[in-house]
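Reading through the structure tokens given below for one structure.
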Amino acid sequence: MRTSDKILVIGSSGQIGTELVQNLREIYGIDSVIASDVKVTEQAKEGPFEVIDVMNPQGLLEIVKRHQINQVYLLAALLSATAEKMPKFGWDLNMQGLFNVLDLAKEKIIEKIYWPSSIAVFGPNTPKENTPQYTIMEPSTVYGISKQAGERWCEYYFNKYNVDVRSLRYPGLIGWKSAPGGGTTDYAVHIFHEALKSASYECFLSENTTLPMMYMPDAIKATIRIMQADSDKIKIRSSYNLSGFSFSPKDIAQEIKKYIPDFTISFKPDSRQQIADSWPKSIDSIEANKDWGWKPEFDLAAMTADMIKNLKK
Ligand code: SER
């Protein structure tokens, strides 16, 4: 690891960024990690922070040069449910943001990029159980289409311009430090807050909707591990499947009941049900395991115990 690494996290105040910045700062030092979002947030009190609109390449270039950034984590995006409400903006933000960062590496202004993909790249015709890395991919959401196109562009920039870009197909992410924003898997975070507040939760997905999920410490570990791996270990330059564990709203409700026995859940599926129905139930991440040693630590029981312990504080 270079000691002179200078890292820019774009979209740093979101669900992943909030935790990622804290973890990167523990490794690289506070001043080596520049947080940035489209507006000033509380995060600005914790260390270097810049306001960046990833759609503005000049503004981005100015900040990258000023801080002598060599690595960018691009987390700014519209997630699945929000992008369905603003399809054109979702596509523009998710794609243009990626191009603006890829082009910085193409011009050799930065050296390394992290860009997240998602289980949303899969679609209704994808095999649902233990979904392999290479399979039918016909995403039916704007978010999924943008992530699939983004994966193709990442691979293209690697092959054509030798751009060192690395990516993971995150499942639904669950954490207690930050709130999710506009995804289909958000219920799995909200359910904990409501369970502790009122011992009841109305779920926007139906009870048996099983989806791939991951606890945030595992997601952060995978992200930092793929970025720190030697370049020749990264055989896949589109995006790696990444597995944690899978559960349905019914499963997680049962787990929560072990801590809050009078917890009740009801179901009122909305438009997000259709999105969830188009996604896999579980993911095979054998390539990530083989290439750079991926293994998740948390399962449903361990995640639930840790969420409840921390949210109670
Ligand atoms: N958690 C994301 C979403 O629901 C999936 O990438 O949109």
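Here is the figure for segment 65-94: residues that are in a loop (DSSP other than H, G, I, E, B), within 15 Å of the ligand (Cβ to nearest atom) and farther than 28 Å from Ser246 by Cβ total 1. Of all the listed residues (Thr82, Thr41), the sole one being surrounded by fewer than 22 Cβ atoms within 10 Å (Cβ to Cβ), within 21 Å of Tyr143 (Cβ to Cβ) and of a type in the set (S, T, N, Q) is Thr82. Does Gly97 meet the test of being farther than 26 Å from Glu287 by Cα, small (Gly, Ala, Ser), more than 16 Å from the ligand (Cβ to nearest atom) and modelled with pLDDT of 95 or more? So Gly97 fails the test. Within segment 230-247, track down each residue that is polar (S, T, N, Q) and surrounded by fewer than 18 Cβ atoms within 10 Å (Cβ to Cβ). Passing the criteria: only Ser231. Restricting Arg237, Arg225 to residues that are on the phi < 0 side of the Ramachandran plot, assigned to a helix (DSSP H, G or I) and among the charged types (D, E, K, R) narrows the list to Arg225. Cβ separations smaller than 6 Å between residues 6+ apart or across chains give the following pairs from segment 170-187 residues that are within 6 Å of the ligand (Cβ to nearest atom) to residues that are assigned to a loop (DSSP other than H, G, I, E, B): Tyr170/Pro116; Gly172/Thr185; Gly183/Leu79. In contact (Cβ under 8 Å) with a residue 24 or more places away in the chain and over 22 Å from Asp218 (Cα atoms), is that true of Ile34? Answer is yes for this residue. For segment 106-137, the set of residues classified as among the charged types (D, E, K, R), closer than 21 Å to Ser243 by Cβ and more than 16 Å from the ligand (Cβ to nearest atom) consists of Glu129 only.
For (1) within 16 Å of the ligand (Cβ to nearest atom); (2) of a type in the set (S, T, N, Q); (3) touching a strand residue (DSSP E or B) at 6+ places or on another chain (Cβ under 7 Å); (4) assigned to a loop (DSSP other than H, G, I, E, B), each residue gets a yes or a no:
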position: Gln254; (1), (2), (3), (4): no, yes, no, no
position: Asp262; (1), (2), (3), (4): no, no, no, yes
position: Pro269; (1), (2), (3), (4): yes, no, no, yes
position: Pro280; (1), (2), (3), (4): yes, no, yes, yes
position: Asp291; (1), (2), (3), (4): no, no, no, no
position: Lys295; (1), (2), (3), (4): no, no, no, yes
position: Phe298; (1), (2), (3), (4): no, no, yes, yes
position: Ala302; (1), (2), (3), (4): no, no, no, no
position: Ala305; (1), (2), (3), (4): no, no, no, no
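Does Leu8 count as under 21 Å from the mean Cα position of the chain (by Cα) and either of a type in the set (Asp, Glu) or in a strand (DSSP E or B) (or both)? When the stated conditions are applied, Leu8 passes them.
If you check Met216, Met227 for being touching a Phe, Trp or Tyr at 6+ places or on another chain (Cβ under 7 Å) and either surrounded by 23 or more Cβ atoms within 10 Å (Cβ to Cβ) or under 30 Å from Val21 (Cβ atoms) (or both), only one passes: Met227. Scan segment 82-104 for residues that are of a type in the set (Lys, Arg) and closer than 22 Å to Pro180 by Cβ and the total you get is 1. Among residues of segment 118-132 that are without any contact (Cβ under 8 Å) to a residue 24 or more places away in the chain, those with a beta-carbon under 7 Å from a residue that is away from the ligand (no atom under 14 Å from the Cβ) and part of a loop (DSSP other than H, G, I, E, B) at least six positions away or on a different chain give the pairs Asn125/Ile136; Asn125/Glu138. When residues in segment 188-221 are screened for being within 15 Å of the ligand (Cβ to nearest atom) and free of Cβ contacts under 8 Å to residues at least 12 places away in the same chain, 1 of them pass.
The values are calculated or read from the model by the stated rules, or taken from the named source; none is laboratory data. Because the structure is a prediction, the values reported are computed rather than measured. Cβ: placed from backbone, ideal geometry, glycine included. Neighbour counts: every protein chain shown.
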